[in-house]
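Values in this text are rule-based calculations from the coordinates and carry no lab data. As the structure is a prediction and not an experimental result, all values here were calculated from the model. No Cβ is skipped: glycine too gets one built from the backbone with ideal geometry, and neighbour counts run over all protein chains shown.
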Amino acid sequence: MALAGPRVLGFAIDDLTKAVTGGKLAGYGALFARDRRCRRTFQFIAGGFSSRLPRHSSTDMRNGFFAHLERLPLGYFQRTAPAI
């Protein structure tokens with residue numbers, strides 16, 4: 001995906017050195033716009049996953065730890081509780 005823009009630019013430069021027409025310019029402009037839109041969409045999706053993933057994993061770890069503490073017998077807490 002990251003190479004699509006430079007590749008289209010290379011094709012555009014090669015093609016436009018032969019003959020420049022309004023149709024060619026409009027077509028390459030549309031390709032650049034579509035490439036940019038696709039990149040932004042994928043960056044948005046990836047950013048959403050990368051921001052939510054740590055939050056979900058830390059919540060899962062915290063919930064698992066609390067569930068483990070709930071399963072421990074009361075004697076464990078009486079033995080390991082600090083003296084006040």
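The label-point distance for V20 and F65, in a model that sets each label 7 Å from Cα toward Cβ, rounds to 6.3 nm.
For the chain, find the longest principal axis of its Cα atoms and tell me its angle to the long axis of helix 4-16, 0 to 90°, nearest 10. Relative to the chain, helix 4-16 is tipped by roughly 0 degrees.
The slack between A81 and F42, meaning 0.36 nm per residue of separation minus the straight C-alpha distance, is 9.0 nm. For the options R37, R71, R55, a Gaussian network treatment of the chain with springs between C-alpha atoms closer than 10 Å singles out R71 as fluctuating the most. Against the chain, whose longest principal axis comes from its Cα atoms, helix 22-71 is set at around 0 degrees.
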